[in-house]
Structure formats: C-alpha cells, structure tokens
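Here is the structure we will look at.
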Amino acid sequence: MSKRIITIGRQFGSGGKQIGEELAKKMNVPFYDKELLKHAAKESGICEEIFENFDEKPTNSFLYSLVMDPYSLGFGTSSDLPLNHKVFLAAFDTIKNLAEKDGSCIFVGRCADYALKDTEGVLNVFIYADIEDRIKRVSDKFGISENNAKDMIKKEDKSRASYYNYYTSKRWGEMKGYDICLSTSKYSIEQLVEILYDIITKY
C-alpha cells in the first residue's frame with residue numbers, strides 16, 4: 001500500500017476517535033490524537049500543559065484580525081504572536097512533520113486536514129451521528145445523566161467548531177469540506193472501519 005494519511009474530524013460522542021484507533025491498528029500505522037500534543041511540545045519547547053490548555057479551544061476572533069492577518073502577510077514575526085497562536089502553529093508544523101516522517105498515519109482533530117491540504121495521499125473524513133446516539137454514548141462512557149451528556153456534547157461541539165473555523169478557511173462539519181462523511185448511527189464502528197479500510201486500500 002502506498003502512502004495513505006487519514007484525517008478525522010468528528011462530532012463529540014460520534015465515535016470518531018475509536019474509528020481512528022481501530023483503523024490505525026488494522027492498517028498498522030501511527031495514530032495521533034492527544035499524542036500529538038506530546039510531539040508538538042517536544043519539537044517546539046513549549047510546555048505540554050500549555051498545549052493541553054489550548055487544545056481545540058475557541059479563541060478571540062478580534063485578536064485574530066489584529067495579530068494573525070499581519071503575520072500571514074509577512075508583516076510580523078512568530079515572536080509577536082499571542083501564546084495561543086504559537087501553540088497552534090507549533091501543532092500545525094508537528095502534524096506536517098509527522099506526516100512526512102511516518103508516511104501513512106491517522107490524525108484525529110486539531111485541524112489536521114487544513115495542515116495537510118497541500119499533501120498528497122490524504123483522505124479527509126468527518127464522523128457524525130444522531131444526537132440521541134451521541135447522548136447515549138457519552139452518558140455510558142462518562143457515567144453521567146443524559147441531560148449532562150447533552151450539555152457536554154453541546155459545549156464540546158461548539159468548542160471544536162470555534163477552533164476549527166477560526167484557524168482554517170473552512171467550516172467545521174460542513175460536508176463539502178471533507179472527502180467522506182460517515183454516520184455511526186447508520187453503520188457500526190466496525191463497519192465504518194471496514195468501509196474506510198476498503199476505500200483507503202483501493203482508491
């Protein structure tokens with residue numbers, strides 16, 4: 001199998017991370033979710049706890065217009081950036097470096113699809129599910145009430161969407177921004193792993 005990189009965006013409680021883990025095992029390739037933060041911290045010299053604090057968290061769009069735009073146009077330097085931007089850029093570089101080093105691998109979240117938009121052999125996937133199924137999955141996983149699970153889902157989805165929309169030129173969860181969108185309400189985790197594996201090994 002030639003080089004294959006899969007990025008997985010996911011609604012909270014959809015099972016996207018589990019799909020990524022199982023697919024990575026089946027493909028026998030590296031899997032990066034929270035592990036990415038350790039690599040980014042090591043490469044950048046920024047404390048890992050700082051990466052965790054900013055991990056897929058929303059940021060202030062006003063600061064973006066003041067700071068990020070001049071930087072992207074070449075009028076600033078990385079030392080001028082707020083800490084959250086330095087953390088994002090460090091993670092961004094780490095994703096690109098790991099993809100180049102590992103060849104085939106799987107990334108979950110962290111705008112990996114955007115970081116690798118100019119990289120060949122990348123398949124961008126989005127995993128979603130009906131809210132009722134997500135509530136049950138989160139409730140069972142964390143041992144909380146369905147009402148609390150629903151609140152957690154709403155908060156996490158909002159955070160992921162804000163982070164993604166802020167740092168990329170796309171909209172989180174918007175179908176046209178991905179190559180494949182799959183529902184864990186329609187198919188089981190196991191079935192979706194098989195579907196993706198089949199696509200990856202044949203396309």
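The values are calculated or read from the model by the stated rules, or taken from the named source; none is laboratory data. Since this is a predicted model, take the numbers as computed values, not measurements. So basically every Cβ, Gly included, is an ideal-geometry build from the backbone, and we count neighbours across all protein chains shown. Accessible surface is based on the protein model in full, side chains and every heavy atom, while ligands, DNA and RNA are left aside. Shrake-Rupley method; radii C 1.70, N 1.55, O 1.52, S 1.80 Å.
At-a-glance table
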quantity: In the range 117-203, the GluC sites (Glu not before Pro) that fall in loop regions by DSSP, at most 15 other Cβ within 10 Å; calculated: 120, 174
quantity: Cα-only Debye scattering, the range 103-203: base-10 log of I(q)/I(0) at q = 0.20, 0.24, 0.25 Å⁻¹; calculated: -1.17, -1.36, -1.38
quantity: Charge dipole (the chain, unit charges on Cβ, about Cα centre) - positive-most of 29, 153, 195; calculated: 195
quantity: Low-density loop positions, chymotrypsin sites (Phe, Trp or Tyr not before Pro), the range 75-178 - DSSP coil, at most 15 other Cβ in 10 Å; calculated: 75
quantity: Accessible surface of the chain [probe 1.4 Å, protein heavy atoms]: carbon and sulfur percent; calculated: 49 percent
quantity: Residue 202-residue 148 FRET efficiency (beta carbon distance; Förster radius 45 Å; 0.05 resolution); calculated: 0.60
quantity: Simple Cβ-charge dipole of the chain, Lys/Arg +1 and Asp/Glu -1, about Cα centre, in debye nearest 20; calculated: 200 debye
quantity: Rounded if a/c under 1.5, otherwise prolate or oblate - the chain, Cα gyration tensor axes; calculated: oblate
quantity: Stretch gain in nm, segment residue 48-residue 175, where the contour uses 0.36 nm per residue and the Cα spacing is subtracted; calculated: 42.5 nm
quantity: Å² per residue, accessible surface of the chain at 1.4 Å; calculated: 54 Å²
quantity: Cα lying deepest toward the dipole's positive end in the chain, options 41, 89, 183, charges on Cβ; calculated: 183
quantity: Rounded if a/c under 1.5, otherwise prolate or oblate - the range 102-149, Cα gyration tensor axes; calculated: prolate
